[in-house]
1. Show Thr295, Thr129, Thr344 ordered by accessible area, largest first, where the area counts protein heavy atoms only and the probe is 1.4 Å.
2. For the range 197-337, how big is Rg over Rh, using alpha carbon atoms and the Kirkwood form of Rh?
3. Of Lys120/Lys190; Lys81/Lys118; Lys120/Lys376; Lys58/Lys108; Lys118/Lys376, which ones are farther than 19 Å apart at the Cα?
4. Of the cross-linked pairs Lys151/Lys294; Lys183/Lys359; Lys183/Lys267, which ones have a Cα-Cα span greater than 28 Å in the structure shown?
5. Taking the Cβ of Thr346 as the centre, find all other residues whose Cβ is under 12 Å away and add up their charges (Lys, Arg: +1; Asp, Glu: -1).
6. Based on the mean of other beta carbon atoms within 10 Å per residue, what is the order of 276-282, 82-88, most packed first?
Amino acid sequence: MKHLHFMKHMVLGISACSLFASYQIVEATIHIPFPALSNTTTAVESTQYMGPMLFVPKKQEVTLPITMVFDPIVSDTAYEKKYVQQGTSIMSPSLFELDTTGLKPSSKLSYEYVNGYKEKGYRVWPLITNQFDPDMTSQILNNESQWERYKQGLINYAVEYGYDGYNFDFENVHYKDKEQLTKFVDFLAKGLRDYNLHSSIDVTGYSNSENWSLVYDRKSYADSVDYVVLMAYDETWASSDTPGPVASYPWVRSHAEQMLSEVPASKLVLGIPFYMREWSVPVKSSWEGKAKSKTLAMTRALDLEREYRDVMRWDNHLKGNYLTLTNKNGVYGIYDEKKPYEGTLTKIWFEDPQSLSYKLGLVKELQLAGVAAWRKGFEASDVWPVLSFALDDANTNSTKKGKAISDKKDHKKEVKKQEKKKDKKKDKKKKSKHTDTSEVTKISKDGKEIVLQFKKMHKDTDETGVVTVTKEKKSLPKD
């Protein structure tokens with residue numbers, strides 16, 4: 001019997017020790033989101049569960065401007081403090097991947113990570129990726145019967161670990177699946193919202209790429225999720241044959257303004273880079289060959305800026321520093337463009353506090369919801385005062401506007417909810433002959449109402465008139 005309870009707690013992702021004593025014991029039909037625990041790699045079936053009920057977490061309000069930082073490697077070295085005091089600071093560690101069998105959690109799931117950041121004033125919204133696999137993603141998107149497992153899994157993990165939101169990073173998706181992707185995002189966002197969990201989605205800037213840009217229905221996303229993050233970087237891709245900046249000011253501004261035609265300013269978060277690229281270009285006189293790049297963290301870039309400040313140039317149009325050096329087997333030298341040169345040139349368009357300050361100014365000017373930086377570990381300490389200064393009082397008007405829109409939408413949703421309840425009551429009266437197949441029970445906890453649906457295999461009534469519900473027992477998975 002103890003083994004049975006242990007397995008069911010594992011299925012929920014809930015700690016038996018921490019929750020069993022605190023929450024009402026219920027028995028209900030639930031969905032197993034973890035295939036490995038249901039002893040199958042294909043279909044995931046409902047099972048009978050008896051234990052602490054899932055509670056609805058208290059809603060954590062978001063105050064604008066948002067400062068989100070992506071943490072793809074889930075660094076063991078946490079930030080020492082909350083660097084931007086204004087608004088809501090969010091850490092987004094890459095903790096989940098979509099897989100055809102369900103959610104694939106990272107081995108770095110940690111209570112310490114969440115609690116440590118919460119103590120410093122941060123919120124934690126894990127990032128979920130589709131592994132940038134278009135074929136696998138297509139299988140998931142076109143199998144709607146299994147979407148519940150992803151939604152329920154995210155809810156269970158949030159309840160257990162203390163997340164209050166998620167970030168969807170679904171990239172490289174077949175254009176033919178555009179409609180299904182839109183439906184999937186809406187399904188997840190609504191399911192999370194029922195549990196007071198926030199959601200955001202990352203989208204690229206505009207281009208003719210079907211899988212990387214045209215597949216996004218940005219306007220629909222704005223109606224579904226709480227925030228849309230414009231990844232305003234990779235203006236020049238790492239695989240490009242021609243060198244160029246990661247996020248020049250004109251390019252960033254153009255895409256942000258265009259996206260405002262589809263996403264309200266109070267929901268649009270501006271992605272900013274904590275990195276740039278170092279380009280190696282073979283040259284001979286006026287001829288330049290195909291460029292190759294490698295990622296350059298801001299910390300390393302600032303070292304180069306200090307060393308070669310005398311030959312670095314400011315591009316007033318791009319709003320960034322630019323540097324060209326000779327490169328002989330990794331040894332840099334001063335490049336004189338007036339003299340003929342044969343060999344390899346290193347070209348860098350810098351992302352530093354100076355260039356970021358111009359892009360951060362767009363948050364206040366366009367009244368955006370905030371910023372999201374890629375990525376933790378690449379930034380220099382000099383960037384935090386710049387971020388803090390730029391976001392100071394940047395969203396006073398946007399916050400009020402966003403709250404008004406949110407209140408209006410909440411009112412509409414409540415009206416629709418009440419209408420649905422009335423329709424359900426009418427349907428129940430019409431189908432009263434079939435009500436013996438299931439039973440709906442409502443339980444209130446912490447001011448929230450939980451609806452549980454029980455399976456009724458058969459029922460017997462004793463002399464006192466009490467109905468005894470007997471449920472079918474499920475066999476345990478083999479060890």
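1. From most accessible down to least: Thr295, Thr344, Thr129.
2. Values: Rg = 18.1 Å, Rh = 17.2 Å.
Looking at the range 197-337, the ratio lands at 1.05.
3. Lys120/Lys190; Lys58/Lys108
4. Lys151/Lys294; Lys183/Lys359
5. Computed value for this residue: +4.
6. 276-282, 82-88
The values are calculated or read from the model by the stated rules, or taken from the named source; none is laboratory data. Since this is a predicted model, take the numbers as computed values, not measurements. Virtual Cβ from ideal backbone geometry, glycine too; neighbours counted across all protein chains shown. Heavy atoms of the whole protein, side chains included, go into the accessibility calculation; ligands, DNA and RNA do not. Shrake-Rupley method; radii C 1.70, N 1.55, O 1.52, S 1.80 Å.
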